[in-house]
Structures are given as structure tokens and as C-alpha cells.
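The values are calculated or read from the model by the stated rules, or taken from the named source; none is laboratory data. All values reported here derive from a predicted model rather than from experimental measurement. Glycine also receives a Cβ, built like all others from the backbone with ideal geometry; neighbour counts cover every protein chain displayed. Accessible surface areas use protein heavy atoms only, side chains included; no ligands, DNA or RNA. Shrake-Rupley method; radii C 1.70, N 1.55, O 1.52, S 1.80 Å.
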Amino acid sequence: GKLVLDWARFHFFDRMHLWFHKGEGEPVGCDSDENSIMLSETFYEEIDQHRIPVEREVVAALANAPGVLDLYLWLAWKTWSIKGHSALIPLFTPTGLVDQLGSIEYSEKRFFRRKLSFWLREVRTFWPGCPARISKDGQNLILCPSSKISAISNVQNFGTVYRS
């Protein structure tokens, strides 16, 4: 048979300048207080051509709730990209949502379903019109298209620290 090897390189940033505190003491690093990351041109063009409408304030508010943040970003992308029809996302198939969200193995389906329900409630705190729901049989996530991510519903929640 014929063997083909095709190699490509993709990198996310060209330059990164970060400082941080090493424990409780003085900052370690440089004189500048500004952290900066310069995206590679290829990566910038990729994200610029495939924008997803997420609310910066929601991302900031969910920074301490990685499961909820992951679900919010995934829902924003998925509901933005489906057009004209609903989508059924299986929860428990080998490539289902249970294997795509989070890193915890769930010993029982009901534990994942309960966690997903909690995360959806948290997402709806910021996105009341979130077009996602768990099917009646509990085996799928039903998504409807969303041409617009609705405005933030409750700005006072931004001070709240969410735990997933």
C-alpha cells in the first residue's frame, strides 16, 4: 500500500509576556504590570472568521465555574451554528455529551443528568432564552437554533462566585 505523511504546524500565539506572584511575596517577572499575549496571525484569522456570540461579562462571571462555563460556550457555539432545525445531542453514546463535558467520570447516568440540569439552570441565570433542554426520556439534549445570544439578564450576579 501507499503511505502518505502530511505534516502541518498550528500555533496559537507568537509572543507571550506574563508576570505572576510567586506565593505571598513580591511579583516575579518583569517591570511591566501588563500581561500580554500576541496571537499568531493564523489563529487570529481562524477565530475572526468563526466568531461565536458570547457575552464577555458571562465568561468573567463563570470563570470560577469551569463546568458551567464550558457548557455556556459550547451551547453558544452549537446553537449559533445550527440553522433552521433542532438538533438532538445524545448524552450517553460513546461520543455523547457525557464524554465531551468535564473530566469526571459519572458512575451513573442520573448523576450526569443531574449535573447537566444544574449547569443549564446556571446558564439560564445569564441567558434566560437559552434554547437547550433535556429530552423527556433523559437521553438527549435538545438544541434549537439561536441567531442571537440574549442580553445578560441579571448584572448583579457578576459578583457571585459560582461553583460547579
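Approximating the spin labels as points 7 Å out from Cα along Cα→Cβ, the residue 19-to-residue 48 distance works out to 3.0 nm. The simple Förster model, with R0 at 22 Å and r as the Cβ-Cβ distance, assigns residue 135 and residue 82 a FRET efficiency of 0.85.
When 44, 106, 72 are compared by accessible area at a 1.4 angstrom probe, the order from most to least is 44, 106, 72. For the pair residue 73 and residue 93, a Förster radius of 25 Å applied to the C-beta separation gives a FRET efficiency near 0.70, rounded to the nearest 0.05. Rounded to the nearest 20, the size of the Cβ-charge dipole of segment 47-146 about its Cα centre is 360 debye, with Lys and Arg at +1 and Asp and Glu at -1.
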